[in-house]
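Encoded as structure tokens, the structure appears first; notes follow it.
The values are calculated or read from the model by the stated rules, or taken from the named source; none is laboratory data. Keep in mind that what you see is a predicted model, and the values were worked out from it rather than measured. In this analysis, Cβ positions are derived from the backbone assuming ideal geometry, glycine residues included, and neighbour counts consider all displayed protein chains.
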Amino acid sequence: MNKSILVLAILICTAMAAGIKTPDTRKYKFIFFTEECFDTFFVQKDFANVSCIKFTLSKALGTGIVVFSTILKVPQIIKIVKNKSVEGLSFPALISETFLYFFTVSYNLFKQNSFSLYGENVFIIFQNIVIMALFYVYGKNFSIAKLFTTYILFGVVVGPLLLQIAPTKLYDFAMIINIVLFFFGRAPQIYSNFKNKSTGQLAAITVLLNLSGCVARTFTVLTEAPDFFVLLNNFEAVILNGTIFAQLLIYWKNTPARAHHSAKKNQ
Ligand SMILES: *[C@@H]1O[C@H](CO)[C@@H](O)[C@H](O)[C@H]1NC(C)=O
């Protein structure tokens, strides 16, 4: 039963990704090369054209991020299903994170950016929607009404933005909300790390993925379609995720599991 939900979610994700047409006006060959750069590399045999190298690298990196994002939250989903519990996860945090991704997708559609520049947001939304459903399945005192109210809230708030029928000004405003949402999403973590002089249960791999992800995204956006609001959001992500990464390094010895481990080694 659970497995079939996962498979279904993945199928819907794929179908949705395929359905989003790329309004990018550049013509591509073999996904990663613009026609001009393909010509530069393989007809003129010029492999030292810096702008083509940068652009092709960016396209490959962006596509890599999008492909990787399709399984980003699968370990989390498997963990919930295995333990039959959503303990430790915050539903409001999940809602606010999902709004952020929805706003980013809406804005990128509005700006007609290519899917490889923001597609991970679409896939993470789907995985979050599955996790929300798991709150209903495994959460205590979590009613179906709460789940549907949440889904309907997304539809009402985000629907007009996604369908591109919202007033133009709202798209910039959505990105400003994102900056605020992201700040309040990360700040409590930074504060509690600082207060405890420890990063606690935070997984190093997640921190590293978050940081490298937003650094790579900043590079692809700068290279392919520099945009004020998208860059502002990315710079904020680099600074806040970078701070958490720095805390991870600074407080490395204070984290219980690792301290225990190194104490053993010293014996
Ligand atoms: C690099 O390739 C692009 C696309 O073919 C071309 O427009 C540009 O002039 C080339 N730059 C150099 C320095 O050769």
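Please list, ordered by residue number, the helices (runs of 4 or more DSSP H) wholly in the stretch 26-103 having 3 or more residues that are away from the ligand (no atom under 11 Å from the Cβ). Of the helices (runs of 4 or more DSSP H) lying wholly inside the stretch 26-103, those with at least 3 residues that are away from the ligand (no atom under 11 Å from the Cβ) span 50-69, 74-83. The single condition among (1) touching a residue at least 40 places away in the same chain (Cβ under 8 Å); (2) assigned by TED's automatic domain parsing to the domain that holds residue 118 that residue 160 does not meet is (1). Screening residue 31 on (1) in the same structural domain as residue 142 (by TED's automatic domain parsing); (2) of a type in the set (Val, Ile, Thr); (3) modelled with pLDDT under 95 shows it passes everything except condition (1).
For the stretch 191-221, how many residues meet the condition of being part of a helix (DSSP H, G or I) and surrounded by fewer than 17 Cβ atoms within 10 Å (Cβ to Cβ)? Break it down stepwise before answering.
Kept after step one, since they are part of a helix (DSSP H, G or I), are these residues of the stretch 191-221: 191-196, 204-221.
This time we only want the ones that are surrounded by fewer than 17 Cβ atoms within 10 Å (Cβ to Cβ), so: 191-192, 194-196, 204-206, 208-209, 212, 215-216, 219.
Of the residues in the stretch 191-221, 14 are part of a helix (DSSP H, G or I) and surrounded by fewer than 17 Cβ atoms within 10 Å (Cβ to Cβ).
The set of residues in the stretch 37-76 that are more than 19 Å from residue 119 (Cβ to Cβ) and in contact (Cβ under 8 Å) with a residue 24 or more places away in the chain comprises 54, 76.
For the stretch 104-112, indicate whether the set of residues that are surrounded by 15 or more Cβ atoms within 10 Å (Cβ to Cβ), in a helix (DSSP H, G or I), over 17 Å from the mean Cα position of the chain (by Cα) and not assigned by TED's automatic domain parsing to the domain that holds residue 217 is non-empty. Steps first, please.
Kept after step one, since they are surrounded by 15 or more Cβ atoms within 10 Å (Cβ to Cβ), are these residues of the stretch 104-112: 104-111.
Those left that are additionally in a helix (DSSP H, G or I): 104-110.
Going one step further and asking which of them are over 17 Å from the mean Cα position of the chain (by Cα), we end up with 110.
Narrowing the set further to residues that are not assigned by TED's automatic domain parsing to the domain that holds residue 217 leaves 110.
Taking every residue of the stretch 104-112 in turn, at least one turns out to be surrounded by 15 or more Cβ atoms within 10 Å (Cβ to Cβ), in a helix (DSSP H, G or I), over 17 Å from the mean Cα position of the chain (by Cα) and not assigned by TED's automatic domain parsing to the domain that holds residue 217.
Return only the number of the condition from (1) free of Cβ contacts under 8 Å to residues at least 24 places away in the same chain; (2) closer than 30 Å to residue 53 by Cβ that residue 242 does not satisfy. Unmet condition: (1). Only one of the listed residues (55, 68) is surrounded by fewer than 18 Cβ atoms within 10 Å (Cβ to Cβ) and of a type in the set (A, V, I, L, M, F, W, C). That residue is 68.
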